[in-house]
Amino acid sequence: ERGNAPQLAQYLLSMRDNEHVELHELRGFISDDLYEAFSEAEAIASGTKCQKHLFSMSLNPPEGEVVDREAFERAMERIERKLGLEDHPRALIFHEKEGRRHAHAVWSRIDSEIMRAKNMAFYKKKLMDVSRDLYLEHGWEMPKGMIDRNLRNPLNFSRAEWQQAQRAKQDPRLI
């Protein structure tokens, strides 16, 4: 869950770290421009109290695996159903970096008919369920931490921990 739509659009369309960027789909928005579509979502969200009106995620296949666009689309549709975001506006962007394709999807959480944000309760567990299913269906080697939580790499940071570490690099007094 996040806000700051302009910053997200800039990141998603950036060629700085990517060899190829493709805005594959904008669904449910008036505009066919990502910046304008996200501005539209932000304008609608301003009619609510929701500060984090977007739900953003990425799908990164295991290293060495090649996944076609249709497989990414099917995975995103499963995720939508699991999270209850089927009727929400969505953007789908593909990035290629060092020959590896990955996908980013962003949904507006706001239901514009009732002007309320979709509650994203237990989204991490729901996404883990879809991820586990995708690994099994594609025959990919399952990460040990997905098999047994006790085997997760203790050196992996959560997003919040990573952000705190980045702030600490800039100003150690922030810890």
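Couple of notes before you dig in:
- Pairs with Cβ under 9 Å, 6+ apart, first in segment 1-25 and farther than 23 Å from L127 by Cβ and modelled with pLDDT of 90 or more, second loosely packed, with under 11 Cβ neighbours inside 10 Å and hydrophobic (A, V, I, L, M, F, W, C): V21/M15
- Picking from residues in segment 80-98 that are out of contact with any His (no Cβ under 7 Å at 6 or more places or on another chain) and not in a loop (DSSP other than H, G, I, E, B), the one that is surrounded by the most Cβ atoms within 10 Å (Cβ to Cβ) is A91.
- Candidate set from segment 49-79 (those that are of a type in the set (S, T, N, Q) and over 16 Å from N4 (Cβ atoms)); member that is most open to solvent (accessible area, probe 1.4 Å): N60
- Lone unmet requirement of (1) surrounded by 15 or more Cβ atoms within 10 Å (Cβ to Cβ); (2) under 16 Å from the mean Cα position of the chain (by Cα); (3) free of Cβ contacts under 8 Å to residues at least 60 places away in the same chain for E42: (2)
- Selected residue (criterion: most open to solvent (accessible area, probe 1.4 Å)) from residues of segment 1-39 that are under 25 Å from K82 (Cβ atoms), aliphatic (A, V, I, L, M) and assigned to a strand (DSSP E or B): L23
The values are calculated or read from the model by the stated rules, or taken from the named source; none is laboratory data. Just so you know, these numbers come straight off a predicted model, no measurement behind them. Counting neighbours? That spans all protein chains shown, and the Cβs are built from the backbone with ideal geometry, glycine included. Areas reflect the complete protein model, heavy atoms only, side chains present, ligands, DNA and RNA absent. Shrake-Rupley method; radii C 1.70, N 1.55, O 1.52, S 1.80 Å.
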